[in-house]
Amino acid sequence: MTTLSQNAFNVARDPGGFTISFEAFPPMSEAGQGKLLDVAKNLEDFDPAFFSVTYGAGGGTQERTLNTLADISQKTGHNLAGHLTCVGATKEQTNAVAEQYRKMGVKHIVALRGDTPDGVDQYQPHPGGYKNAADLVAGLKEIGGFDISVGAYPESHPDSPSRNADLDNLKAKFDAGADRAITQFFFDNHVFYDFMDSVQDHGITGPIVPGILLIHDFWKVKRFAKMCQTDVPDWLEARFAGLQGDTAAQQLVAVSVAVEQVLEMAASGVRHFHFYTMNKSDLAVAVCRSLGLKPARNMRSVA
Ligand code: FAD
């Protein structure tokens, strides 16, 4: 008898089965930069659809995003995506970064509004800037020539007055020309399935890629999840109970949690998964291998 999981493994082994992508953030130091390059090289072998680098909303890390993209672009063969936020910047400043991306060969932009700066209660667009992500997408479409991803929130964005308003906002991003949406991380697949039902009911037909957070430190993740209003289910809490400080055991549990999450969604027909790597490759490699994804380079040398 073929189980759901076996079906999903077969999907993973099939070269046309499912695709993956990875996300990292620009490191703070030169040492971190070197480490991230190793991570990018380790993950290159899994032939991801793209490798994306986040963009700091406060201004401090914009240069680092550009440097990180340039470094990975020069030293690996990754198809890169640069995140771009519009908070706190004029349209001209935002467009200039998009042009810099284009100049360095980065033609995929993850277009975001960005977070409200610390100490500010409510989001305020820059008077000369893009109003939000949908407006940014429209601006990028006007410039032309970019593949555009946007963010989606299965548990609704914390600023959103209602689920309906959040879906209207997502629809506006697709209507403005987004090619796909990547979700905020979530742990309960039913949250994603319910979201996808609402997305469909809302007339949104563009592809939605689930974002999978690899849990390096459950207690840090719990704090982060609270800020994002992402539910941490009791069953997940129970899996990590008593493992605080035991990195090795947490990693083993984390791999199994991510693999189960992906296999179940793959069995339900999801075909692209975006992994939040947290700038580490150990869990990502273990998850990809457990999913039956073979490093392309090894396959080439075996063939
Ligand atoms: P939008 O889709 O524009 O809006 C999100 C919510 O805010 C909507 O529900 C809407 O109701 C409300 N809203 C929109 N416009 C306004 C307005 N003018 N006034 C009041 N409320 C409004 N952040 C970074 O800083 N850098 C990154 O690289 C980054 N990468 C991300 C990648 C992914 C896949 C995701 C899901 C998020 C990422 N974020 C990043 C976080 C993101 O910037 C925040 O979640 C931000 O608060 C919302 O961005 P958005 O593009 O989803 O906003």
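Restricting attention to the stretch 200-214, which residues are free of Cβ contacts under 8 Å to residues at least 60 places away in the same chain, at negative phi and open to solvent by less than 50 Å² (accessible area, probe 1.4 Å)? Steps first, answer last, please.
First, the residues of the stretch 200-214 that are free of Cβ contacts under 8 Å to residues at least 60 places away in the same chain: 200-206, 208.
Next, only the ones that are at negative phi stay: 200-202, 204-206, 208.
Residues satisfying the conditions are 202, 204, 206, 208.
Would you check if residue 258 is modelled with pLDDT under 95, in a helix (DSSP H, G or I) and on the phi < 0 side of the Ramachandran plot?
no
So residue 71 ticks every box in (1) acidic (Asp, Glu); (2) more than 22 Å from residue 276 (Cβ to Cβ); (3) at pLDDT 95 or above; (4) more than 9 Å from the ligand (Cβ to nearest atom) but one. Which box is left unticked?
With respect to (1) acidic (Asp, Glu); (2) more than 22 Å from residue 276 (Cβ to Cβ); (3) at pLDDT 95 or above; (4) more than 9 Å from the ligand (Cβ to nearest atom), residue 71 is out only on (2).
Is there a residue in the stretch 39-48 that is within 14 Å of the ligand (Cβ to nearest atom), modelled with pLDDT of 95 or more and open to solvent by less than 70 Å² (accessible area, probe 1.4 Å)?
no
Anything in the stretch 181-199 that is open to solvent by 30 Å² or more (accessible area, probe 1.4 Å) and either closer than 25 Å to residue 121 by Cβ or within 7 Å of the ligand (Cβ to nearest atom) (or both)? List them, or say none.
Residue satisfying the conditions is 184 alone.
Matching residues to (1) among the aliphatic types (A, V, I, L, M); (2) at pLDDT 95 or above; (3) out of contact with any Gly (no Cβ under 9 Å at 6 or more places or on another chain):
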residue	(1), (2), (3)
151	no, yes, no
159	no, no, yes
169	no, yes, yes
204	yes, yes, yes
210	no, yes, yes
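From the list 60, 105, 88, exactly one residue is modelled with pLDDT of 95 or more and not hydroxyl-bearing (Ser, Thr, Tyr). Which is it?
Testing whether each residue is modelled with pLDDT of 95 or more and not hydroxyl-bearing (Ser, Thr, Tyr) leaves just 105.
Does the stretch 208-238 hold any residues that are away from the ligand (no atom under 13 Å from the Cβ) and of a type outside the set (A, V, I, L, M, F, W, C), and which are they?
Within the stretch 208-238, 216, 217, 220, 222, 223, 226, 231, 233, 234, 237 meet the criteria.
Which residue out of 178, 98 is open to solvent by less than 30 Å² (accessible area, probe 1.4 Å) and part of a helix (DSSP H, G or I)?
98
If you take the residues of the stretch 101-134 that are crowded, with 19+ Cβ neighbours inside 10 Å and more than 8 Å from the ligand (Cβ to nearest atom), which of them is farthest from residue 52 (Cα to Cα)?
The residue in question is 129.
Considering only residues that are free of Cβ contacts under 8 Å to residues at least 24 places away in the same chain and among the charged types (D, E, K, R), which ones fall in the stretch 61-86?
Looking only at the stretch 61-86, we keep the residues that are free of Cβ contacts under 8 Å to residues at least 24 places away in the same chain, and these are 63, 74.
Passing the criteria: only 63.
Return yes when residue 280 is in contact (Cβ under 8 Å) with a residue 60 or more places away in the chain, open to solvent by 20 Å² or more (accessible area, probe 1.4 Å) and not hydrophobic (A, V, I, L, M, F, W, C) and no when it is not.
Yes, satisfied.
What do you reckon, is residue 137 on the phi < 0 side of the Ramachandran plot, in contact (Cβ under 8 Å) with a residue 60 or more places away in the chain and buried (at least 19 other Cβ atoms within 10 Å of the Cβ)?
When the stated conditions are applied, residue 137 does not pass them.
The values are calculated or read from the model by the stated rules, or taken from the named source; none is laboratory data. Here the structure is a predicted model, which means the values were calculated and not measured. Using ideal geometry, Cβ is built from the backbone for each residue, glycine included, and neighbour counts are taken over all protein chains shown. These area figures cover heavy atoms from the full protein model, side chains too; ligands, DNA and RNA do not enter into them. Shrake-Rupley method; radii C 1.70, N 1.55, O 1.52, S 1.80 Å.
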